[in-house]
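The values are calculated or read from the model by the stated rules, or taken from the named source; none is laboratory data. A quick note: this is a predicted structure, and the numbers were derived from the prediction, not measured. Cβ atoms come from the backbone with ideal geometry, glycine included; neighbour counts cover every protein chain shown. With ligands, DNA and RNA removed, areas are computed over all heavy atoms of the protein, side chains included. Shrake-Rupley method; radii C 1.70, N 1.55, O 1.52, S 1.80 Å.
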Amino acid sequence: MLPFLIRRLAGLVFLLLILTMLVFGLSRALPGDVAAMYVGLKAKPEQIQKARLELGLDKPVHVQYLRYMGRLLKGDLGISLRTHRPVARDLKEKLPLSLEIVLLALLISIALGLPMGVVAAFKRDTWIDSAVNMIGSAAVSLPIFFLALLLQLVFFNWLGWFPLQGRISTMMEFRDPLPAVTRFGLIDALLAGDLEYMADMAWHMFLPVVSLASIPLGLVARLSRSSLLEVMQADYIMAARASGVGETVLFFRYGLRNALSPVLSIMGLSMALMLLNTFYVEQIFNYPGIGYWALASIFSLDYPVLVAITLVLGAIYVLSNTIIDVLRRWVDPRIK
Amino acid sequence: MSVKQKEKPILEVKDLVAEFTTAAGRLRILDGIDFSLFPAEILALVGETGCGKSVTAKSIMNLLAEQVCKRRGKVMMDGVNLLDLSKKQMRSYLGRRISMIFQNPIASINPVFTLGEQIRRLVRIHMAGEITRVKSELGCTTAAAIDRLAAANLEKVGLTDVDQLMRAYAHQISGGMAQRYRIATAVLGNPDVLIADEATSALDVTVQAHILRLLKRLSAEKNTAIIFITHDLGIAAQLCQQVAVMYSGRIVEVAPTAELFKNPLHPYTRGLLKAVPQLSRKTGLEHIPGTIPDLRNPPSGCRFHPRCRQAMERCRRLRPPLVETKSHQVCCHLYDAGNKEAAWAKS
């Protein structure tokens, strides 16, 4: 286990190195003057020149890159060209907001998707199976931006059950901010004992989380169904059945554990997918997380922010897949 | 034979038909199987690949999905037709009255649970009485009693180091050990009938011999009847008292082993025996012309007639009846008493 984790960590460092080069190189290759962007549209040429020197843009690209890497190792991600705020500070604020809805969505997609798939397989070729199949297909194939808008239309416009956008109600914003313990809003609110605040946040998160969870939920439901049905054809299931093991044990214990491995793999991929989908969802629901920030930075070519976001997403992807692989080893002792 | 006729068969299969619904239409894989199995008897079920040996076993055990395989006929055990039982009712028979081991022992063990976990579950299912007995005898906990019984069952099939073995997974043991383990799990409920479906075909020859000896010992010690499915006539000769030869979904000949090898009656059996290499024989190997029939469109009458050198006109039209001779049961028009052509053809 330990050599495996060390290998993964080394892989992660290597990946991040490649990512910094790629994104850094791309940001310089794109048209547009970074210095001009930094000082704004109305700046005079000498101001732009001054900014260029200040940002070190007069140096060759590889020197700029090495400088950037040197600062990165100290945890300094640079200054946002758009807001002139330190990128690291913004990241610390916005990342937990997105992670919170992504993790909630992941949790929901497993908590609902897995039982759906398992029940569909158990009740194969019944109306339950067809229903799960239909929900699964719809969940996977509905484009997330369309689903998000649809949810707003139904649950805000028509029913009025959920808010249109934002992270908390306007009234709540005037309260004292919560102490940032975990930086996950729901948990911090719970720790502070502020249930009203927590409920308000959960209420706002509901539609974004449902939008994010949709595709993983469909994937998990469909994959767990098909994986389980395939496993139930295996020799060891027939052998156990021939020895007098009951169907319930065969299915929910002997079969399910064997079927989990591919489901876990798809969850790792879902994690990456959902992080990307925060770009749409946070835009549509005006939710101030990393996706919202990323889009704004893309449009203004705010490359320090883009590099930082790319690195963070890459790291999260590798880490979540490492966790998944550890889980898969635990589920299936054959995986070396 | 003479002893057997006095005894009551433990398992009686009568006119067992299995039809598969496939994309190619309905296939009659089993076309009326008849045989009886007596206590402690080892019966070989031999035949080429695709003749329906495995389907016979799985039909008896009700292991095939009902949507795919429709079964008719009788599989009698203590006056109960197993084919009438639901899967749930059948479960009280599986492992306890009738059990089965398979060709690939490692694939027959759940890869993600330890061997110990799996055999302990079977001990809990089948040995409730023994668990209480061991508990009261040794004054130990239920878990300890289960552990003890599991270990004892593994030792009975010749496995050593059982404590370590119980912590192992299927991929960590050899094929021979896996088949011993599978036998231990299959017979721990003391079944009257054990079906071994090509149980030694995937093993090395030396391991094969060990497993055969183990099966023979089990059968003698516990009075277990064994249906030994194989395509290897040599193994059938070594292990079994009776041999049933299958061809294309039918049993064409049943006889005591020595009798069958000495004096095969059915043309298919004769062909099969001539196709086995033997060191003592000077002449070359013979083969049976043609290939096994296409089940989508099986031959009329006797399913063997297109490949039979002695085929007669009636073989094309009529399904041969089961004829009982002194020591054989044979399904061939050559031995049909009412058949006048038969006299000259017998030779």
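What FRET efficiency, computed as 1/(1 + (r/R0)^6) with R0 = 22 Å and r the Cβ-Cβ distance, is obtained for residue A:169 and residue A:85, rounded to the nearest 0.05? E(calc), rounded to 0.05, equals 0.30. The three principal axes of the C-alpha atoms in chain B carry coordinate ranges of 74, 48, 45 Å, sorted with the longest axis first. Anyone know which of A:101, A:266, A:237 comes out most mobile in the 10 Å Cα GNM of chain A? In the Gaussian network model the winner is A:237. For chain A, the relative contact order works out to 25 percent when only alpha carbon pairs closer than 8 Å and six or more residues apart are counted. With kT/(6 pi eta Rh) evaluated at 20 °C and eta = 1.002 mPa s, and Rh the Kirkwood radius from Cα pairs, the protein assembly as shown diffuses with a coefficient of 69 µm²/s according to Stokes-Einstein. Scanning residues 5 or more positions from residue B:247 or on other chains, those with amide H under 5 Å from its amide H are B:252, with H placed 1.01 Å from N in the peptide plane. Which shape class, rounded, prolate or oblate, goes with the range B:176-304 when its Cα gyration tensor gives a ≥ b ≥ c as root eigenvalues, a/c under 1.5 marks rounded, and past that a/b bigger than b/c marks prolate? It comes out prolate by the Cα gyration axes.
Start at zero, step by 10 Å, and the Cα-Cα distances of the range B:228-281 spread as 24, 62, 13, 0 percent across the bins.
Check which residues have an amide H placed less than 5 Å from residue B:45's amide H, if you skip close sequence neighbours. Placed amide hydrogens put B:228, B:229, B:230, B:244 under 5 Å from residue B:45.
Converting phi to 3J(HN,Hα) with the Karplus coefficients 6.51, -1.76 and 1.60 and the offset θ = phi - 60°, the range A:35-47 yields 5, 5, 5, 5, 8, x, 5, 8, 5, 7, x, 5, 5 Hz in sequence order, with x at every glycine or proline. Averaged over the residues of peptide B:107-116, the number of Cβ atoms from other protein chains lying within 10 Å of each residue's Cβ is 6. The mean accessible area for residues of chain A, using a 1.4 Å probe and ignoring ligands and nucleic acids, is 51 Å² per residue. Accessible area of the range B:226-347 with a 1.4 Å probe: how many percent of it is carbon plus sulfur? C and S fraction of accessible area: 56 percent. Taking Cα atoms only, the orientation of helix A:290-299 departs from the longest principal axis of chain A by about 50 degrees. Couplings 3J(HN,Hα) for the range A:9-14, derived from phi with the Karplus relation 6.51 cos²θ - 1.76 cosθ + 1.60 (θ = phi - 60°), are 5, 4, x, 5, 4, 4 Hz, where x marks Gly and Pro. Compared with the rule-of-thumb size 2.2 N^0.38 Å for a compact globular protein, chain A has a Cα radius of gyration ratio of 1.19.
Ranked by solvent-accessible area (1.4 Å probe, protein heavy atoms only, all chains present), the residues B:108, B:280 order from largest to smallest as B:280, B:108. So which residue, out of B:168, B:65, B:258, gets the largest mean-square fluctuation from a GNM of chain B using Cα contacts under 10 Å as springs? Fluctuation is largest for B:65.
For the pair the range A:56-75 and the range A:173-242, the centres of their Cα atoms are 40 angstrom apart. Need the list of lysines near residue B:74 for cross-linking: C-alpha distance under 18 angstrom, and skip anything on the same chain fewer than eight residues off. Qualifying lysines at Cα under 18 Å: B:8, B:14, B:53, B:58, B:87. Remark: the range B:1-74 carries 44 Å² of accessible area per residue (probe radius 1.4 Å; ligands, DNA and RNA excluded).
Both chains summed, the buried accessible area for B and A stands near 2200 Å², from protein heavy atoms and a 1.4 Å probe. The 3J(HN,Hα) values that the Karplus relation (6.51, -1.76, 1.60; θ = phi - 60°) gives for the range B:147-155 are, in residue order, 4, 4, 5, 4, 4, 4, 5, 5, 5 Hz. Gly and Pro appear as x.
Seen against the Cα atoms of chain B and their longest principal axis, helix B:115-126 is set at about 80 degrees. For the protein assembly as shown, the antiparallel share of DSSP beta bridges with both residues in that region comes to about 60%. Working from the Cα coordinates of the range A:257-325, the gyration tensor eigenvalues give, after taking √(5λ), semi-axes of 28, 14, 7 Å in decreasing order. The long axis of helix B:128-138 is offset from the longest Cα principal axis of chain B by roughly 40 degrees. Within the straight-line cut-off of under 28 Å between alpha carbons, the lysines reachable from residue A:92 are A:74, sequence neighbours fewer than 8 places apart in one chain being disregarded. Centre-to-centre, using Cα atoms only, the range A:113-130 and the range A:281-332 are separated by 33 Å. Can you list residues from other chains, or at least 5 along the same chain, whose modelled amide H is less than 5 Å from the amide H of residue A:80? Counting only residues 5 or more places away or on other chains, the set is A:85, A:87. For the peptides B:78-84, B:36-42, the ranking by mean Cβ contacts within 10 Å, running from highest to lowest, is B:36-42, B:78-84.
Report the residues of the range B:119-134 in range of a label on residue A:253: point 7 Å along Cα→C-beta, backbone N strictly under 20 Å from it. Taking a point 7 Å out along Cα→Cβ of residue A:253, the residues of the range B:119-134 whose backbone N falls under 20 Å are B:119-132. Taking all Cα pairs closer than 8 Å and separated by 6 or more residues, the relative contact order of chain B comes to 20 percent. Here the Gaussian network model covers chain A, with springs between Cα atoms less than 10 Å apart; of A:45, A:86, A:179, A:45 fluctuates the most.
Carbon-plus-sulfur accessible fraction, the range A:17-60 (probe radius 1.4 Å, protein heavy atoms only): 67%.
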